[in-house]
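Working notes, beginning with the structure itself.
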Amino acid sequence: MKRKFVYILVAIFVTIFVTLIILKYFIYRNPLNVNVSKIHIETKLERFDRDLLLVSKEDPYKVITELQNKYGYFFELYNREIIRIGSVENSSYLVYLNTFLSDYAVYEAYKEVNRVFKNTDNLEKTIIDGFKHIKYYFPEKKLPRVVTFVAGFNQSIVINEGFIGIGLDKYLGIDCKIYDMLQIPDYLRIEMTPEQIPIDVVRAWVEYEFPYESETNYLIEYMIYNGRTLYFLDACYPNVKEEIKHKYTKKQMDYCYLYEREMWTRMVEQKFIFNTDNLTIKKFIESAPFTSEFGPESTPRIGNWLGYQIVKSYVKNNKIKIKNLMKEKDMMKILNKSGYNPKYR
């Protein structure tokens, strides 16, 4: 009889334990953590940066023809817009290209790119994972080819119809010695790490597919538009650390949460959110050591982070689906229906 009673107690405790786990799962699980395992993506990382070097090792005219056939419009875009040496039709094209490839900074960039990105399997896998999430939410969208290049530190991500280009020399890591030589400031180096590449690829795709549109161009509209992009990054990379998606350090991320109420209150009281001055807008949404209106200890791009909080509130309070969120063009509608008030969060 006593043994039977023990079995009953154990059964009760096990039932309670399992019930609590199930409840915790449904209450605390991330709704953006969707299953994309059955979505097939054919995307691969195409190493244009390596293919281009064959110009100096093999028959250059043969290599150029092969590059034109393989990369199509991107090859022309690279020549004209990225490294700006003109069209292959120019009689001096090969001279310009070899001058570019033999430049000391470019030569050193290639050496470091070959070291840091000797193997890109994990990078390709992470980009594909982001693309699978894009396909989950937008199955009708055609995904671009992803091409890597070296451009002498002048481009990070380039996007055009059918292509996303990644300037690998802009993602060599915070401690890259070449960045020391170029005197690139620390606040920009946070954005120049290999783990930022998949984030920037998806960001570029979102901004290309869902461009900013407004007739009034209030700061708050830019904030919410950029905040919506950040929210979509959450949807594509739900398990990536928050500070990576925001290009923040952990300390900067903590600052945002600690002073959220004070920052939002000041922006409203000072009427910053309805400002249309370009210089003022840039202070709140573009990269800098800090947000000047909040002092040198503050986090940069505070406007984007607050816009992100507004978007999260809008989605939560109105049960908005990702697809509808991204197609919404009226940023003021998102603000007005968000119910955002950090005092009560």
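Taken together, the values in this text are just the output of simple stated rules run on the coordinates, not laboratory data. Just so we're clear, the structure is a prediction, and the values are computed from it rather than from any experiment. In this analysis, Cβ positions are derived from the backbone assuming ideal geometry, glycine residues included, and neighbour counts consider all displayed protein chains.
Annotation: amide H of Gly165 within the under-5 Å range of Val147, Val158, Ile159, Asn160, sequence separation 5 or more or interchain, hydrogens built in the peptide plane. Loop-located trypsin sites (Lys or Arg not before Pro) in segment 76-154 (DSSP state not H, G, I, E or B) with no more than 11 neighbouring Cβ atoms inside 10 Å: Lys118, Lys142. Skipping prolines and chain starts, which residues have an amide H placed within reach, meaning under 5 Å, of the one on Leu32, given they are 5 or more residues away or on another chain? For Leu32, no residues qualify. Extending 7 Å from Cα along the Cβ direction at Leu53 and again at Asn90 yields two label points whose distance is 2.5 nm.
Residue by residue, segment 92-98 carries 3J(HN,Hα) couplings of 9, 3, 4, 4, 5, 5, 5 Hz when phi is fed to the Karplus relation 6.51 cos²θ - 1.76 cosθ + 1.60 (θ = phi - 60°); x denotes Gly or Pro. About its Cα centre, segment 190-261 has a charge dipole of approximately 320 debye under the convention of +1 per Lys or Arg Cβ and -1 per Asp or Glu Cβ, with nothing else charged.
Once the Cα-Cα distance is subtracted from the 0.36 nm per residue extended length, the Glu66 to His40 segment shows a gain of 6.5 nm.
Computed from the C-beta positions of Lys337 and Glu262, the FRET efficiency with R₀ = 22 Å rounds to 0.35.
Modelled label positions at Asn30 and Arg115, each set 7 Å beyond Cα in the direction of Cβ, lie 3.3 nm from each other.
Between Lys329 and Arg189, the modelled labels are 4.4 nm apart [label points 7 Å from Cα along Cα→Cβ]. Computed from phi, the 3J(HN,Hα) profile of segment 112-117 under the Karplus parametrisation 6.51, -1.76, 1.60 (θ = phi - 60°) reads 6, 4, 5, 6, 5, 10 Hz, with x in place of Gly and Pro. Rounded to the nearest 0.05, the FRET efficiency derived from the C-beta distance between Lys319 and Asn217 at R0 = 35 Å is 0.75. Within segment 114-207, list the GluC sites (Glu not before Pro) lying in a DSSP loop whose Cβ has at most 12 other Cβ atoms in a 10 Å radius. For GluC sites (Glu not before Pro) across segment 114-207 that sit outside H, G, I, E and B with at most 12 neighbouring Cβ atoms in 10 Å, the list reads Glu140, Glu161.
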